[in-house]
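Below is one structure, written out as structure tokens, with a few remarks after it.
What follows is calculated from the coordinates using simple rules that are stated; it is not laboratory data. Model, not experiment: these values are computed from the prediction. Here Cβ is always computed from backbone atoms with ideal geometry, including for glycine, and neighbour counts include all displayed protein chains.
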Amino acid sequence: MYLVVSIAILITMALALVRALLGPSVYDRMLAVNMFGTKTVLLLSVIAFLYGRPDFLDLALAYALINFVGVLAVLEFFQSRSIRRAADRVDGG
Amino acid sequence: MVILFAVFLLTLLALTAVAIVRTENLFVAVMLTGIFSLLMAANFFVLDAADVALTEAAVGAGISTVLFLGALALTAEHERSVVSGRWLSMGIVVVTTLILIYATFDKPRLGDPRAPVHQHVAPWYLDQTPELIGIPNVVTAVLGSFRGYDTLGEVFVVVTACIGVLFILGVRRGGYSPSPDGDRLTTAGSGLRHHLIPKVVGRLLIPFIVLFGLYVLFHGEYGPGGGFQAGAIIATGIILYALLDGEAQALKAVPRPVLMGMVVGGATLYGAVGVAGIALGGSFLDYSVLADDPVKGQQLGILIIEVGVGLAVCGSLLSIFHAFAARGRH
Amino acid sequence: MQSAVDVLSWILLAAGGAFVFVGGLGALRLPDFYTRMHAASLTDGMGTILILVGIMLQAGWSLAAIKLIAILVCLLLTSPTASYALANAALLSGVEPGNSRAGKAEN
Amino acid sequence: MELFGLYNYWVFAIVLMTGFYAVIAKGNFIKRLIGLSIFQSAVFLLYITMGKVDGGTAPIIQEGVTDQVYSNPLPQVLILTAIVVGISTLALGLAIVVRIKESYGTIEEHEVQSLDRSS
Amino acid sequence: MTLTTHLPALQVVVPMLTAPLVVLMRVPGLAWATAAVASFMAFIIAVSLTGAVLQGGSVIYLMGSWPAPYGIELRVTSFSALLLLIVTAASTLTLLAGKRSIDADVDPEQQPLFYAAWLLAVAGLAGIVVAGDAFNIFVFMEIASLASYVLIAAGPDRRALPSVFKYLVMGTIGATFYLIGVGLVYMMTGTLNLGDMEARIQEVGDLRSILVAAGFITVGLALKAAVFPLHAWLPSSYTYAPHMVTAFLAACSTKVALYVLLRFDFLVFQQNLPAHAVQFFIFLMPLAVLGVLVASGVAMFEKDLKRLLAYSSVAQVGYILLGASLGSVMGLTGGIVHIFNHALAKGALFLAVACLGARIAQLQLKGIHGVARHMPWTMAAFVVSGLSLIGVPGTAGFISKWYLVSAALQEGTVGLILVAVVLVSSLMAVVYIWRVIEAAYFGATPSSAKPAGEAPPALLVATWVAALANIYFGVDPSLPLTLSTQAATTLLEHLP
Amino acid sequence: MLSGMKGYWYRFAALLLLLIAAWLLWSGIYTPLLLGLGALSCVLCLYLAHRIGFFVELFSARAILRLPRYWAWLLLEVVKSSLDVARIILNRKLPISPTVIEFDAAPDEPVGQVVLGNSITLSPGTVTLDVHNGRLRVHCLTREVADALLSGEFNRRAAELMKD
């Protein structure tokens, strides 16, 4: 059963990857990366049980906590970029 | 079964790598690097390398994305597509790939227990660790004690990078003069203060991220984890705060002298344990002389050096982050 | 008793796998960025809950179950936040959601 | 099945060379660094692959379990160190790229070269 | 256990642990003094290690007291002692002499970081040299490389940045290739200890992986050692680095990579590969010859003083490999002793350049016209070390060339060609050194660019110490020769 | 909502308890050494939380007691809308009608608005795009979902959770 679930997760990862490769916009790719992240957390949890080593859940927890920081960094990046562009527009015009 | 997992993940990995190289949008490339790192970590996990997967998680998901974005914000987002000598490069690459694949055919197949790698040194570690060091995580035992000198080197690699980034980005001279429109851009450094949802949720998570980092630090002897992963996770937690409330605010919470103290203190702590080995009549990095019982001494030594590694890594990564962020404020 | 828990957990896991898959499919099929976000939230919300609860039932009362709860809580906190961050990043760069005037007038 | 056992090495070779291609053929400095980190990651894969033992589990010894096979800890230790080295190199490289951008206004190699030639 | 038994560890640990402390120092002068003292201590340790090696053979140190293939072993042989002397002496001399020069190039606020990076470079280089473990070499190689990128990036010219980026990329590729090679060898032998590897690699039946591993390790280290045609990073890095950094790195950094290369090629791979001789004769020797000729040729037409000397360095790497590729004790001795002698000559030359740099902004050939009249001592030192570089009898350079030529003569027809190559390239060296001397002594000083007198005394003294060392080791070469002969004999011990 | 020093210490104690619980449950090894290190870690985290201004704004502890009921209701919502969205995705015709709506959040406190926004995102079919000055912008997959959202059930529940 774990196997079935992990295969479902793997296929979803592949689908997300396809989305990441197709784009078309940057945001679609970011969305795919984010999906990929949560799927990795799930996959790691499932594999930990599949292997019979539930003490490795730490890893999934680490991902769940850290992945989020990357996404927020992206938001911050876009925010400061839009501010910068606005400033540039003022400079230019 | 494991093999099928690995094959699937690896195929995705190769596809991602090709996509990263092909895209001309650097931002997209960085996003895909995130996927690459996730796949890498999943692969490590499937191949029984829990510690390495945790490290990849701590580094790949947080720190390296943040660093890349920091650098992209300061440089450019698109590459201009001038590729010089594409065919020559392609030729070199294809030939080398073929050589490598040629060399694989007599390699032991994945997981072959009779492979020479599993014969000589490795079984000794697995046999002797419970007896000589008395902790369950053999990776930590090898990392901290048997090959503790490598780990000392590793810490100093990070410290060197930290010194280097501070040196290179700290220089004020040069052809570049920061534009005087500082106050118009003040909001650029202020983080996500105006976004309610990330701010509240992120702030709620920070103490737990840091606690988790400390947990990873102190349980490195029992489960996957250790000083480096812990340092990276804690640094990520504080970077999260910097993203939320602005870099200046983060520097107020954890000021620069503290960071420098962590770097220097951590590295020195590790070195001091080594020197203590000499002082107490052993050799450099010999922990067994630290306590009456050699096994206890080893455990104590590993604990202390892990703390040293954690401090140094956390301080270094944060200093590096701040060096990039401070550059952005000009 | 044990088998009942087993069956329940298998059902949850299977359902979770199905939701995750459907979400992945949605991310591929739906036409634009904002609609795709809904598919992502399908896998992030329902899929995650079902799978993690399914495993939790298997784990029984142990530290592993507690860690799973921690993971679940953490994911349920972060994934909507991450979605928000993405949506907002797109908004900031001027990607307008289609059909926006339809609902604006109401309320 | 027998050939699947070598699949890891092939992917290692392909990923390695994909990264290498980016490093030697691309003129954008950041792209080169991305290529460099892919290049290094491939090596991690090589090492971790060789440490795997059939039926083994991560080398964290479980109490009370006697006949468990454990995978090889040594490559994992080496790769832990190598990952750290990789991120350090990356940070330093990015810092240099930022300075190049500040003093030249570009991060494309050919533009930097033509600026150098004209000065 | 007295402190002396710990010398191999202390050799690395002293500069390494001083580095973080230097970061904390606010006063640049204090940081400099601490770095110089640490470097000098490292030099003392190197001298005592050399003494120990000369008396009792190799010194072995077990890190953490773990037995060899399981723990990490440090091994100081006569070859490593030679390298340790070069590294620590070059660092100490340049640090002592270079305070003013560094002050001119580096912002005072940044100097503590600079000196810390310097010490880390010393620690890294020393760490590579004493390491007895393949992976440990990688770790310390990275410390040394990262630190040298930082040092080079300190160069005042903005062109330092793209150069150092190129160096970073190529250096990382080199290190990664090395890591792949070590991985493949580890895969086949199950050990990382060099001595153990040497023994176990002979039992490996199939050669394919080993062959590929040897290829990767050789290419990787050749990149780090700037072996022709993989030298592209070296000239601009050396040109735009601060003068003192150039003097320090030119004396030792590529040599350390060569040292590792020779150790691997002769000790680890030699018996295993029947094609070993082929590898040297068909592959390495032509490369060495080409390197010597092409790089010297480029140097002849170079207009920038530092770049000229940098290309000359690429040529000298060729000499060292030429000696090694002969595969005889005499040839190898010549190669190894040339590591020492070239470090002396090039160190002294770059120090002299630093003296010029202290007074002249543009180090182009046309910028130094007539400079000898204003800076006679500097130029005299330049001439002495230049003679040593050319290989004039009575200087250190002559000794290594003598050995190379005599070894080549044993090889028959090929040997004659090699002798011709050595002679031709020495003539080329005469040409490029002469161009500098001609400009400095016989050029008319442009009235606008008159140097403000002789170089700072500390720098001048150091330059002369290095120049006189060239004479001393030309007259009494017993120390480097003894070490090199011992090293060559050990390296060739197992060769069939 | 408690305010002033009393509220501060209240939240302080709550976080400390949470941290200690988290450590004990994560760790699973109860030797004196690790318990001591755990205590040290909790104190460190608490100090850091203090430094980053963690205790400035958190909702009243009474809301925590109401959380389970809210969660149960939310879970039901999530299940319902998940099934809807799954049906839409699997429908060959993709019957979507994307709609953006804006409305005022009923809860006044930031935390209440965050709970509201995140709950909306969590239930598939609706994604919160922006929360600003008490106004929410929500993207809905279909018009029906949008209408359901505008009827205010979410808003009411969230406000109820947060009220003192």
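Averaged over its residues, how many other protein chain Cβ atoms are within 10 Å of peptide B:132-138's Cβ atoms?
Working: counts 2, 0, 0, 2, 6, 5, 11.
What the average comes to for B:132-138 is 4.
Straight-line cross-link partners of C:K67 among the aspartates and glutamates, defined as a Cα under 17 Å from its Cα and at least 8 positions apart when in the same chain: A:D55, A:D58. Ranking B:A73, B:I99, B:P116 by how far each Cα lies toward the positive end of the dipole of the range B:44-149 (charges on Cβ) leaves B:I99 at the top. Beyond 29 Å in Cα-Cα separation lie the following of the pairs A:K39/B:K107; A:K39/B:K199; E:K255/E:K366; B:K107/D:K31; E:K99/E:K346: A:K39/B:K107; E:K255/E:K366; B:K107/D:K31. Within the same chain, aspartates and glutamates fewer than 8 places from F:K93 are excluded, and of the rest, none has a Cα less than 13 Å from its Cα.
Close amide H pairs (under 5 Å, H built 1.01 Å from N) link F:D130 with F:R137, residues at least 5 positions away or on another chain. Centre-to-centre separation between the Cα atoms of the range A:49-93 and those of the range B:102-116: 39 Å. The helix-only estimate of mean residue ellipticity at 222 nm for chain E, built from DSSP H runs of length n ≥ 4 each weighted as -39500 (n - 2.57), is -24500 deg cm²/dmol after division by the residue total.
Does chain B classify as rounded, prolate or oblate by the C-alpha gyration tensor (a ≥ b ≥ c root eigenvalues; a/c under 1.5 gives rounded; else a/b over b/c gives prolate, otherwise oblate)? Write down the numbers at each step before the final one.
Values: a/c = 1.87, a/b = 1.16, b/c = 1.61.
It comes out oblate by the Cα gyration axes.
Kirkwood hydrodynamic radius, the range A:2-92, all distinct C-alpha pairs: what's the number in Å?
15.0 Å
Shape summary of the protein assembly as shown, radius of gyration then Dmax from alpha carbon positions: 31.5, 103 Å.
When you look at the Cβ of every residue in E:126-139, what mean number of other chain Cβ atoms sits within 10 Å? Display every interim value, and only then the final one.
Numbers: counts 0, 4, 0, 0, 0, 3, 0, 3, 1, 8, 5, 0, 6, 14.
For this peptide, the per-residue mean of nearby foreign Cβ atoms is 3.
Once you reduce the range E:280-324 and the range E:159-224 to the center of their Cα atoms, the two points are 23 Å from each other.
Using the average count of surrounding beta-carbon atoms within 10 Å as a protection proxy, the listed peptides B:161-168, E:462-469, C:58-65, E:54-61 rank, highest first, as B:161-168, E:462-469, C:58-65, E:54-61.
For chain E, what class follows from the C-alpha gyration tensor (a ≥ b ≥ c being the square roots of its eigenvalues): rounded when a/c is under 1.5, otherwise prolate if a/b is larger than b/c, else oblate?
Cα axes put chain E in the oblate bin.
For the protein assembly as shown, the dipole from Cβ point charges (+1 on Lys and Arg, -1 on Asp and Glu) about the Cα centre works out to 2780 debye, to the nearest 20.
If Lys and Arg each add +1 and Asp and Glu each add -1, what is the summed charge of the other residues whose beta carbon sits under 14 Å from the beta carbon of A:R53? It works out to a net charge of -4. Relative to the longest principal axis of the Cα atoms of chain E, the long axis of helix E:28-56 makes an angle of roughly 40 degrees. Rounded, prolate or oblate: which fits the range C:2-92 when a ≥ b ≥ c are the square roots of the eigenvalues of the alpha-carbon gyration tensor, with rounded for a/c under 1.5 and prolate only if a/b beats b/c? The shape class here is oblate. Note on chain E: dipole from Cβ charges, positive end direction compared against E:T463, E:V268, E:I143; the farthest Cα belongs to E:T463. Using all pairs of distinct alpha-carbon atoms, the Kirkwood hydrodynamic radius of chain F works out to 18.4 angstrom. Peptide A:80-89 has a mean of 5 when you count, residue by residue, the C-beta atoms of other protein chains within 10 Å of its C-beta. Spin-label model, E:L409/B:A291: points 7 Å from Cα along the beta carbon direction are separated by 6.9 nm.
Computed packing ranks the peptides E:182-190, E:289-297 as E:182-190, E:289-297, most packed first, by mean other Cβ atoms within 10 Å. A straight line joining the Cα centroids of the range B:1-75 and the range B:265-297 runs 37 Å. Placing a pseudo-label 7 Å from each Cα along the Cα-to-Cβ vector at F:L44 and E:T4 gives an inter-label distance of 4.3 nm.
Tally Lys/Arg at +1 and Asp/Glu at -1 over every other residue whose Cβ is under 12 Å from the Cβ of E:V164; what's the total? Intermediate values should be presented prior to the final figure.
Values: positive: D:R99, E:R158, E:R159, E:K166; negative: E:D157.
Neighbourhood net charge equals +3.
If you take every residue apart from B:Y287 with its C-beta less than 14 Å away from the C-beta of B:Y287, what net charge results, scoring Lys and Arg +1 and Asp and Glu -1? Taking every other residue near B:Y287 into account, the sum is -3. Any idea which of E:T413, E:A104, E:A343 is furthest toward the positive side of the dipole for chain E, if Lys and Arg beta-carbons carry +1 and Asp and Glu beta-carbons -1? So the residue furthest toward the plus end is E:A104. Legend: residue pairs D:K26/E:K224; D:K52/E:K166; B:K252/E:K166; E:K224/E:K303, Cα-Cα distance threshold 32 Å; pairs beyond threshold, D:K52/E:K166; B:K252/E:K166.
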